[in-house]
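Worksheet for the structure shown next.
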Amino acid sequence: MSAVVSVAGLERRYRDHRALAGVGFELESPCIAGLVGRNGAGKTTLLRILAGQELPGAGRVHVFGAAPLENDAVLRRMILIREDQTYPDLRVRQVIASAALLYPRWDAELARTLLDAYELPPARQVKKLSRGMRTALGIVLGLAARAELTLFDEPYAGLDAVARTFFYDQLLADYTAHPRCILLSTHLVDEAADLLERVLVLDRGRLVLDTGTDDLRGAATAVTGPAGGVERFVAGRETLGWRTMGGQTRTVMLGRLDPRDRELAEHLRLRLEEVTLQQLAVLAAERPESGLTTARAS
Ligand SMILES: Nc1ncnc2c1ncn2[C@@H]1O[C@H](COP(=O)(O)OP(=O)(O)OP(=O)(O)O)[C@@H](O)[C@H]1O
């Protein structure tokens, strides 16, 4: 199967700042992936380049087998919804009508359902919507377009927890019914963890982790307890981030646990906790050379 997205050696500089440095990965369809990274890591830059809205500095960027920039045949098959999405001076219903014309796989019924669910008034001018309502409109467009490549750039600005959960549910339901390639940049990776099949972590322009989320689950364990016990337990294993507070030492141990590890932990009175996807992303960024990155997908 050919890749929907194929990126190799991607570089992007802004004057002397390297926003993207040697980024390479492929996405095939169907896939629902998270793009994670701290502020300024390069997520928006990458998504804009994929969406043909920005020039790559160097490297290869292929979407549906061709460069996306000014390529209508490619651009009609994808949508990018940004947090700071701007809209022309139109009413909600006019934005919806334009999108229906633009996107060949537009689902009008889904658009209606989502507009109702987010209580978006069709006659209201977009510029008079609240921040959260404008975000919701982006979500309606992003889902109802049902584009073969759907890019969401932190689509939550101003959305409350209930509305965000509704978004994840809708995204997963629609993806399950109509599998396609979805890349979602997010700071709230644990919230979205259950729906992500893969996670890409950018750090200062570099792709420091690219792996299936199933491979990451259980790939690291937080070990907490008396210092001597923790040291004995993790001896010979790779660890990250030691911390001692109130007589309790905590570290993150890489590698999977076996039943004997659990017995030993009990014997040493240690607490073992699975590390969340968010914590793993932070660790991967802090220590790109760590054993975590060996979980890298092909
Ligand atoms: N047009 C531009 N001119 C100069 N620098 C830019 C421009 N666009 C992005 N940058 C810089 O490139 C880096 C990556 O920015 P980008 O917006 O891609 O990060 P991000 O991961 O999306 O961050 P955030 O999570 O804060 O949205 C940042 O240091 C940013 O300041």
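State all residues of the range 150-165 that are under 17 Å from the mean Cα position of the chain (by Cα) and either touching a residue at least 40 places away in the same chain (Cβ under 8 Å) or within 15 Å of the ligand (Cβ to nearest atom) (or both); if no residue qualifies, say none. Listed by number, the residues that qualify are THR150, LEU151, PHE152, ASP153, GLU154, PRO155, TYR156, ALA157. The residues listed here are ARG112, ARG105, ARG134, ARG93; of these, the one that is assigned to a helix (DSSP H, G or I), within 26 Å of the chain's Cα centre (by Cα) and of a type outside the set (A, V, I, L, M) is ARG134.
For the range 72-90, a residue qualifies if it is surrounded by 14 or more Cβ atoms within 10 Å (Cβ to Cβ) and either outside any strand (DSSP E or B) or out of contact with any Ser or Thr (no Cβ under 6 Å at 6 or more places or on another chain) (or both), and the qualifying residues are VAL74, LEU75, ARG76, ARG77, MET78, LEU80, ILE81, ARG82, GLU83, GLN85, TYR87, LEU90.
One line per residue, one yes/no per condition, for (1) in the same structural domain as GLU286 (by TED's automatic domain parsing); (2) surrounded by fewer than 18 Cβ atoms within 10 Å (Cβ to Cβ):
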{"residue": "HIS178", "(1), (2)": "no, yes"}
{"residue": "LEU184", "(1), (2)": "no, no"}
{"residue": "HIS187", "(1), (2)": "no, yes"}
{"residue": "ALA192", "(1), (2)": "no, no"}
{"residue": "GLU197", "(1), (2)": "no, yes"}
{"residue": "ARG237", "(1), (2)": "yes, yes"}
{"residue": "ARG243", "(1), (2)": "yes, yes"}
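Among the candidates ILE96, ILE32, the residue that is more than 16 Å from the ligand (Cβ to nearest atom), buried (at least 18 other Cβ atoms within 10 Å of the Cβ), farther than 23 Å from THR186 by Cβ and at pLDDT 95 or above is uniquely ILE96.
Those residues that are touching a helix residue (DSSP H, G or I) at 6+ places or on another chain (Cβ under 8 Å) and closer than 17 Å to VAL95 by Cβ, I need them from the range 136-149; list them, please. Within the range 136-149, ALA136, LEU137, ILE139, VAL140, LEU141, LEU143, ALA144, ALA145, ARG146 qualify. Here LEU20 meets the list (1) in contact (Cβ under 8 Å) with a residue 60 or more places away in the chain; (2) more than 16 Å from the ligand (Cβ to nearest atom); (3) open to solvent by less than 20 Å² (accessible area, probe 1.4 Å) almost entirely, failing just condition (2).
Within the range 184-203, the set of residues being assigned to a helix (DSSP H, G or I), among the acidic types (Asp, Glu) and more than 11 Å from ILE32 (Cα to Cα) comprises ASP190, GLU191. Applying the condition of being farther than 22 Å from ALA147 by Cα and surrounded by 15 or more Cβ atoms within 10 Å (Cβ to Cβ) to the range 39-67 and asking which residue is farthest from the ligand (Cβ to nearest atom) yields GLY59. Could you tell me whether any residue of the range 3-24 is among the polar types (S, T, N, Q), closer than 23 Å to GLU154 by Cβ and either at pLDDT 95 or above or in the same structural domain as GLU286 (by TED's automatic domain parsing) (or both)? No: zero hits.
The values are calculated or read from the model by the stated rules, or taken from the named source; none is laboratory data. Worth saying up front: this structure is predicted, and the values here are computed from it rather than measured. Heads up, the Cβs are rebuilt from the backbone with ideal geometry, glycines too, and the neighbour counts pull from every protein chain shown. Keep in mind that these areas ignore ligands, DNA and RNA; they rest on the heavy atoms of the full protein, side chains included. Shrake-Rupley method; radii C 1.70, N 1.55, O 1.52, S 1.80 Å.
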